[in-house]
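A short worksheet on the structure shown next.
Read-outs throughout are calculated quantities, based only on the coordinates presented, and are distinct from any laboratory measurement. No experiment lies behind these values; they were computed from the predicted model shown. Note that we place each Cβ from the backbone using ideal geometry, even for glycine, and neighbour counts take in every protein chain shown.
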């Protein structure tokens, strides 16, 4: 099987005079691998995740997800490819506040035909969403008809995780998903998340500044080992 992710000779900078950007010479992630990426605020973690998710495209280089170089795709093609193959747990969760809990989970299937089939299709996707939510520790009374805005931070986190996992994506990207939890809840959440990842056969790339989580992961990488922040002079057009 090819690597889930392969980056080589990637250069990206945000537009504007400040010109913040990063370069990545080479980075790979294997199928089913669980990787923790460590780095302080402002080190380029969010930029790296935006590149991997196809939210932005590099100025040069290759970013291959399952062998497909998404750097060569148009913005709309990257959106569709991400919907089919990636699950994303955003740091702020990005839930629709007035949508129901189940509808928020199903949102990730809206533009992913094959992923929707893997979730059970129109006849079974709600049942699968409910199963995931329950498996991730959300009480039944919260699943049935409640809006996302009525949930606690920890409960919203579980909804965001279920949304990323439904339909068995090949890669889940998680941006500081445990930052708002105490230690016991962090451990419980990771146990549940890892169990669902193993069942789905998905790889995980999780970003955090918390190095105490390192022992839970198969590989731990500091961002400075794979990416270099461009200086203003280097980033200038």
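Between the C-alpha center of region 120-179 and that of region 1-69 there is a gap of 26 Å. Ordering 47-56, 73-82 by mean Cβ neighbour count within 10 Å, with the highest value first, yields 47-56, 73-82.
Stokes-Einstein diffusion of the chain at 37 °C, 0.692 mPa s viscosity, Kirkwood radius from Cα pairs, rounded to a whole number: 180 µm²/s. Sorting the segments 191-199, 36-44 by their mean number of nearby beta carbons within 10 angstrom, highest to lowest, gives 36-44, 191-199. Compute the long axis of helix 183-200 from its Cα atoms, compare it with the longest principal axis of the Cα atoms of the chain, and write down the angle in degrees, 0 to 90, nearest 10. With both axes taken from Cα atoms, the answer is about 90 degrees. So which residue, out of 15, 58, 169, gets the largest mean-square fluctuation from a GNM of the chain using Cα contacts under 10 Å as springs? Result: 15 has the largest fluctuation of those listed. Of the beta bridges in region 5-235, as assigned by DSSP with both residues counted there, near 55 percent are antiparallel.
Helix 121-135 and the longest principal axis of the C-alpha atoms of the chain enclose an angle of approximately 90°.
Angle of helix 75-85 to the longest C-alpha principal axis of the chain, folded into 0 to 90 degrees and rounded to 10: 50°.
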